[in-house]
Amino acid sequence: MRILGIESTCDETAAAVVENGSDILSNIVASQQDLHERFGGVVPELACRRHIEVMLPVIKKALSEAGTTLDGIDLIAASFAPGLIGAIMIGLSCAKALSLATGIPFIGVNHVEAHLYAALMGNANPKFPCIGVVLSGGHTSILLMEEIGRYRLIGETQDDAVGEAFDKVAKMMGLPYPGGPLIEKLAEEGDPNAYPLKIGRVKDKPFDFSLSGLKTGVLYTLKGQNKSGIAEMLTLKEKQNVAASFQRVVFEDIRQKVQKAAEDYGASTLLFGGGVTNNLALRNYLTAKMPHYNLIFPPAALTLDNAAMIAGLAYHQWQRKKQGDPFHLEPVSRLAFHLAT
Ligand code: KG4
Ligand code: ZN
């Protein structure tokens with residue numbers, strides 16, 4: 001079954017053709033980083049305009065790289081949630097219009113669920129139930145995954161998502177958006193124990209994350225270095241040390257909660273997804289600290305927002321439902337992950 005996937009929930013316009021859930025024939029991503037970096041975050045209006053401009057060329061490229069046309073497509077899938085409403089609407093409307101014009105069925109996919117599914121698109125060998133861990137710019141969740149499509153939420157963030165915390169800490173140091181990769185780079189040369197930052201805890205919710213205290217801790221650490229203008233007056237060494245100390249806390253926070261979830265729920269396979277899993281230091285840290293578990297990360301091309309994961313997950317939704325979604329499926333900005341499909 002050949003599926004065209006379309007993704008436009010945030011600041012990436014993407015299209016891909018995937019066969020039978022895992023065989024990627026094409027995976028085209030048009031990043032908007034150039035557009036948003038100077039604003040320190042995604043500007044929704046600009047994101048929407050760019051999606052409109054590049055959506056059709058991106059779809060055409062995905063079809064031609066896959067050596068096919070719409071005639072060779074069996075299902076059209078698009079993310080319908082969660083994300084920026086205007087941005088989602090562009091990919092979703094495009095998918096519906098193509099479906100209406102061609103008669104190819106259409107299906108809506110939950111973007112966050114697809115991030116987790118991305119880990120299963122490599123040479124994965126999961127043993128269900130698994131613990132699923134989503135670490136992205138908008139979401140931080142720990143789930144019990146009984147099978148593809150069946151989840152129970154175990155923990156989530158009470159405030160900032162992990163990727164968001166990376167981006168905000170970077171912004172405090174005067175770095176452009178997205179800050180995650182820049183923090184990772186700085187941290188390589190930094191001392192992780194330079195500053196006594198601490199893991200945030202949520203009362204009576206051992207699996208929930210709270211990153212706002214850590215963010216404030218970083219702010220005070222930076223202010224302590226130079227009392228006023230923060231970014232301008234920091235030395236490179238100070239930035240490196242702050243980045244390394246911040247990562248030390250975030251990595252250990254994730255490790256503790258994820259390992260406890262695996263122990264409590266009797267899971268030996270841990271699936272990771274979302275943009276923060278792009279961080280190699282995080283992968284190495286978790287792999288070294290949890291040698292008795294099977295940790296599965298997405299292939300490099302599938303960590304950040306992409307449409308291959310959308311087309312991949314859509315295959316399983318189709319296998320379950322054997323039908324597409326109605327055209328009145330609306331974009332949803334926030335959606336409970338475990339109720340997704
Ligand atoms: O999954 P994603 O592409 O978009 C969302 O669905 O949110 O994740 C984007 C997030 C951004 O916050 C970005 O800073 C973070 O992933 N990120 C990283 C790294 N690469 C991307 N965070 C830490 N280290 C990285 N190397
Ligand atoms: Zn994403």
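The values are calculated or read from the model by the stated rules, or taken from the named source; none is laboratory data. Note that the structure is a prediction, hence the values are computed from the model and not measured. Cβ placement follows ideal geometry from the backbone for every residue including glycine, while neighbour counts extend to all protein chains displayed. What goes into the accessible areas is simple: the full protein's heavy atoms, side chains included, and nothing from ligands, DNA or RNA. Shrake-Rupley method; radii C 1.70, N 1.55, O 1.52, S 1.80 Å.
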Please give the number of the condition Val112 fails out of (1) assigned by TED's automatic domain parsing to the domain that holds Asn20; (2) of a type in the set (Val, Ile, Thr); (3) modelled with pLDDT under 95; (4) more than 12 Å from ligand 2 (Cβ to nearest atom). (4)
Just checking, which of Val242, Val276 is open to solvent by less than 10 Å² (accessible area, probe 1.4 Å) and of a type outside the set (Ser, Thr, Tyr)? Val242
Residue list for the range 284-316, restricted to those being outside any helix (DSSP H, G or I) and not polar (S, T, N, Q): Met290, Pro291, His292, Tyr293, Leu295, Ile296, Phe297, Pro298, Pro299, Leu304, Asp305, Ala307
Select the strands (runs of 3 or more DSSP E) contained entirely in the range 1-49, then report the ones holding at least 3 residues which are in contact (Cβ under 8 Å) with a residue 24 or more places away in the chain and farther than 21 Å from Thr102 by Cβ. 23-31
How many residues are open to solvent by less than 60 Å² (accessible area, probe 1.4 Å), touching a helix residue (DSSP H, G or I) at 6+ places or on another chain (Cβ under 6 Å) and not polar (S, T, N, Q) if we restrict to the range 11-42? 11
Would you confirm whether any residue within the range 164-182 is of a type in the set (D, E, K, R), part of a helix (DSSP H, G or I), surrounded by 15 or more Cβ atoms within 10 Å (Cβ to Cβ) and within 16 Å of ligand 2 (Cβ to nearest atom)? yes
Return the only residue of Gly83, Gly72 being on the phi > 0 side of the Ramachandran plot and in the same structural domain as Arg49 (by TED's automatic domain parsing). Gly83
Please go through the range 57-105 and pick out each residue that is within 16 Å of ligand 2 (Cβ to nearest atom) and touching a Leu at 6+ places or on another chain (Cβ under 9 Å). Ala77, Ala78, Ser79, Phe80, Ala81, Pro82, Leu92
How about the range 186-226: which of its residues are assigned to a helix (DSSP H, G or I), within 24 Å of the chain's Cα centre (by Cα) and touching a residue at least 40 places away in the same chain (Cβ under 8 Å)? Leu186, Ala187, Ser212, Leu214, Lys215, Val218
Being in contact with an Asp or Glu (Cβ under 6 Å, 6 or more places away or on another chain), surrounded by 19 or more Cβ atoms within 10 Å (Cβ to Cβ) and closer than 22 Å to Pro299 by Cα is the filter here; which residues of the range 77-131 pass it? Ser79, Pro129
For the range 12-29, which positions are more than 19 Å from the chain's Cα centre (by Cα) and acidic (Asp, Glu)? Glu19, Asp23
